[in-house]
Amino acid sequence: MLNTRARLALALATLLAATPAFATVTHRTAASGHTRSGRKVPFSYRAKTKGHKLHGQQAIDSNRVTQIQKALIRERYMTGEANGEWDSTTQAAIKKFQADQGWQTRLLPDSRALKKLGLGPDYSGALNAKDSSFAAPPPAATIPSEQAAGFAAASGVNR
């Protein structure tokens, strides 16, 4: 009854009408930065996640700040007394100290800065700290010749 063109038009119309029924719908939450319409939502309007806990150190302990300030005073990057407050004067001093070392200038001291200020890790509470010495090893000339020969034989040197 229907000619080929009419059948083709009817099949195409049916296909186009049925396509939205099979399409997948992706819903995005406001936390991802998009609404259901797909439009971008400003950060300030995004949903806050419940139960978000901050991890890691959030501030420098006042005792540690006092140590840092005393070291900066000793190195002549600060003047006055150490007050234990991470204030703008302390931040400017640590920033200047790190810049003078050729490091990135950050408002918080990195491990290199703390070590350079003499505030590196304390190993006195380590398991073997009582029996250990953290001094440099003795010079090679003080090693007995038999022991040195044993080292050389074991390493394959002077064969």
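Here, each number is a calculation from the coordinates, and none is a lab measurement. For clarity, every value in this text was computed on a predicted model and none was experimentally measured. Counting neighbours? That spans all protein chains shown, and the Cβs are built from the backbone with ideal geometry, glycine included.
Apply the Karplus curve 6.51 cos²θ - 1.76 cosθ + 1.60, θ = phi - 60°, to the phi angles in region 55-69 and return the couplings in whole Hz, x for Gly and Pro.
Each residue's phi maps through the Karplus curve to give 10, x, 6, 9, 8, 8, 4, 4, 5, 5, 4, 4, 4, 5, 4 Hz.
Short version: ³J(HN,Hα) in whole Hz for each residue of region 95-109, in order, from phi by Karplus 6.51 cos²θ - 1.76 cosθ + 1.60 (θ = phi - 60°), x for Gly and Pro, what are they?
Once θ is set to phi - 60°, the couplings for region 95-109 become 5, 5, 4, 5, 5, 5, 7, x, 9, 4, 8, 10, 7, 10, x Hz.
Specify whether the C-alpha gyration tensor of region 62-110 places it in the rounded, prolate or oblate class, a ≥ b ≥ c being the square roots of the eigenvalues: rounded for a/c under 1.5, otherwise prolate if a/b is larger than b/c and oblate if not.
Working: a/c = 1.96, a/b = 1.50, b/c = 1.30.
Judged from the Cα gyration tensor, region 62-110 comes out prolate (a/c at least 1.5, a/b above b/c).
Can you list the residues, at least 5 places off or on another chain, whose amide H is less than 5 Å from the amide H of residue 84, using H built in the peptide plane?
When sequence neighbours closer than 5 places are left aside, the close amide H contacts are 66.
Arrange the peptides 90-100, 3-13, 75-85 so that the one whose residues have, on average, the most other Cβ atoms within 10 Å appears first.
Details: 90-100: 17.6, 3-13: 9.8, 75-85: 13.5.
Ranking the peptides 90-100, 3-13, 75-85 by packing returns 90-100, 75-85, 3-13.
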